[in-house]
1. Mind listing whichever residues of segment 108-123 are over 14 Å from the mean Cα position of the chain (by Cα), part of a strand (DSSP E or B) and not polar (S, T, N, Q)?
2. Could you please let me know if Phe73 is assigned to a strand (DSSP E or B), surrounded by 12 or more Cβ atoms within 10 Å (Cβ to Cβ) and aromatic (Phe, Trp, Tyr)?
3. Looking only at segment 126-141, how many residues end up being surrounded by 14 or more Cβ atoms within 10 Å (Cβ to Cβ), part of a loop (DSSP other than H, G, I, E, B) and without any contact (Cβ under 8 Å) to a residue 60 or more places away in the chain?
4. Restricting segment 89-104 to residues that are within 24 Å of Arg27 (Cβ to Cβ) and either aromatic (Phe, Trp, Tyr) or surrounded by 15 or more Cβ atoms within 10 Å (Cβ to Cβ) (or both), which is nearest to the chain's Cα centre (by Cα)?
Amino acid sequence: MNRKNIISLIVLDIIVMLMAAGLMMFRYSSLTSPVATTLPSANAASPADEPPPPAANETAVGNQAMTKRNIGFTFRHSKAKNVAIIGDFNDWTPEPMKKGGDFKWTFTQAIEPGEYSYNFVVDGRPVRDPNNQKISDTGRGFASSHLTVKPR
């Protein structure tokens, strides 16, 4: 191999490494940045035009009311310093879990019946629920645990 070929291979390797680093930074920023919220447009209805909100833990659907269910999440990890939960039910915004005894982290959320994907965020890294074998692909670059909340 001559010198020109070696230099071209080194340049190609550097370009590939820079592209991989950029992809890793993009994925990390998508995990840590808050989800963008949309502002109401000028044509949006005023609050006076909207029907009154349903009672606590209820959402009106047609003629029936769907009751939210309190769902408890538990994660056990002996070396974790920070654990949060992200998922469809909280717009993938990390919510801290409470640390209890025996290295047990807990979180409870009122969730409407439906299908959801979620992950634990352990010291900044997404982790599937080790107690849930159901997996779903959310297109976020990592596999997620799948949750089905049934109506009462």
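1. Ala110, Ile111, Gly114
2. Yes: the conditions hold for Phe73.
3. Adding up the residues that qualify gives 3.
4. Applying the filter and picking the extreme gives Trp92.
No lab work stands behind these numbers, since they all come straight from the coordinates. Predicted, not measured: the structure shown is a model, and the values here were computed from it. Cβ coordinates were reconstructed from backbone atoms using ideal geometry, including for glycine residues, and neighbour counts include every protein chain displayed.
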